[in-house]
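Novice: Mind having a look at this structure? Questions to follow.
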Amino acid sequence: MDDLPPSHLHLDRERGLDVEWPDGRKIHYSTAWLRRMSPSADARELRKELESNPLAVLPSSGSSEAAITTTGIEPVGNYAIRISFSDGHASGIYSWSYLREIEPKQPGQDGGSP
């Protein structure tokens, strides 16, 4: 069931991605969350580094004055999407199962939002 595609996707370049799953659940992924949780190899390595060394220096986004936005979305086969960001990052492929795995806590759920 984790590989079923969403029934609806809506990308707001400022706010993020809204996904409606076939079971009726509606999940909002903020742009910052999607960028932080990118499944690309470089982003995975950065998350590992931050887990092992909380004092690690984050790379510059190149646009320190403006918040990162999304610049596009494209399908990857029938199993994923690729999201591009204003900082130039566009190498992460978000499979349907990965999007379910990184679902942020929604308001009203235990734990609050990430």
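None of the figures in this text is laboratory data; all of them are computed from the coordinates on show. Given the structure is predicted, the values throughout are model-derived calculations rather than measurements. Counting neighbours? That spans all protein chains shown, and the Cβs are built from the backbone with ideal geometry, glycine included.
Novice: How many nm is it between the label spots at Leu9 and Arg25, if each spot is 7 Å from the Cα in line with the beta carbon?
Specialist: With each label point 7 Å from Cα toward Cβ, the separation is 1.8 nm.
Novice: Here's something else I'd like to know. With Cβ to Cβ distances under 10 Å as the rule, what net charge do the other residues near Val19 carry (K, R +1; D, E -1)? Each step should come with its number before you reach the end.
Specialist: Details: positive: Arg25, Lys26, Arg100; negative: Asp18, Glu20, Glu103.
Neighbour charge sum, excluding Val19 itself: 0.
Novice: What distance in nm separates the simple spin-label points at Glu103 and Ala41, each placed 7 Å from Cα in the Cβ direction?
Specialist: Spacing of the two 7 Å Cα→Cβ label points: 3.1 nm.
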